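The values are calculated or read from the model by the stated rules, or taken from the named source; none is laboratory data. All of these numbers come straight from a predicted model, not from anything done at the bench. Using ideal geometry, Cβ is built from the backbone for each residue, glycine included, and neighbour counts are taken over all protein chains shown. These area figures cover heavy atoms from the full protein model, side chains too; ligands, DNA and RNA do not enter into them. Shrake-Rupley method; radii C 1.70, N 1.55, O 1.52, S 1.80 Å.
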Amino acid sequence: METLNNIDVYVNRMQKSLMDKMFFIDKIFEPIEYVVDFGCANGILIRAMKYLFPEYGYIGYDISDEMIAKAKTLVPEVEFYTKWNDIPISYENALLNVSSTLHEVYSYGTESEINEFRNRVFDSGFKYIAIRDMMVSEKISEKSDIEDVKKLRTLFPDTLCEFESIWGSTEYRFNLIHYLLKYRYTENWDREVKENYLPVTVEQLLGMIPADYEIVYSEHYVLPYIKQQIKKDCEIELKDATHFKILLKRSR
């Protein structure tokens, strides 16, 4: 995995969509004791949820020692772990929150690490599972609007060239959307340009859901601030849904 040149910029970006990352909290209709935040980073989401919804216990998990150290400073009253098997609770009365983590696991993980991730998410027996990440449908148009491509080649010739050398031409709609999701993150560009933001489609994720889970809520959408920023920076109207969120409940 590429290291972060500017971790503060990375963390600040993660914080901008905090309210959207709590989408599941008003959709829980059966009692739970804990919310386990998988890929908790610096703990900012846990801090926000703990303030707004103190009735739950919170646990953070992240493989980064640096992030966990920051989380323990930010929310010292919460337990944080870097080893999954050290988490000391029963998952039967807990919700697992997986926000902006799935794409990183698939981008950087080995096949065995990806399988382990899927097992932890879907086979640990959580009462609820909330997943939110960047994700497109396999039904998106194949070709981009050529005028959109021309705008990007004029505005961002260097980063676009590097992106296309890795991922392919933005004349294909999938690649254009991929670039539009990352063009702003130049502070950590060496890392961001190589990271696969869209490794799993909505249809593929839906196909992973075990039979003993039912969908409580799902939405495929584009974040308003992303749409507005792209319009402002590039004069491109982003019409494709770029994010997907889903809440699952164990039915038996």
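Per-residue answers, yes or no, for (1) part of a loop (DSSP other than H, G, I, E, B); (2) open to solvent by 20 Å² or more (accessible area, probe 1.4 Å); (3) at pLDDT 95 or above; (4) over 20 Å from Y221 (Cα atoms):
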position: F117; (1), (2), (3), (4): no, no, yes, yes
position: S124; (1), (2), (3), (4): yes, yes, yes, yes
position: D133; (1), (2), (3), (4): no, no, yes, no
position: T154; (1), (2), (3), (4): no, yes, yes, yes
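Look at (1) of a type in the set (A, V, I, L, M, F, W, C); (2) over 17 Å from the mean Cα position of the chain (by Cα); (3) assigned to a helix (DSSP H, G or I) and you find that V216 fails only one, number (3). Of the residues examined, D212 is one that is touching a residue at least 40 places away in the same chain (Cβ under 8 Å) and more than 22 Å from T170 (Cα to Cα). The set of residues in the range 135-152 being open to solvent by less than 70 Å² (accessible area, probe 1.4 Å), without any contact (Cβ under 8 Å) to a residue 60 or more places away in the chain and of a type in the set (D, E, K, R) is empty.
Per-residue answers, yes or no, for (1) in contact with a Phe, Trp or Tyr (Cβ under 6 Å, 6 or more places away or on another chain); (2) farther than 30 Å from F29 by Cβ; (3) modelled with pLDDT under 95; (4) of a type in the set (K, R):
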position	(1), (2), (3), (4)
Y91	yes, no, no, no
N97	no, no, no, no
S100	no, no, yes, no
Y108	no, yes, yes, no
S112	no, yes, no, no
K151	no, yes, no, yes
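Figure legend. Inter-residue proximity from the range 114-128: first residues closer than 14 Å to H103 by Cα, second residues not in a strand (DSSP E or B), beta-carbon distance below 7 Å, spacing 6+ or different chains. Indicated pairs: I114/V105; I114/Y106; F117/V105; F117/G109; R118/M208.
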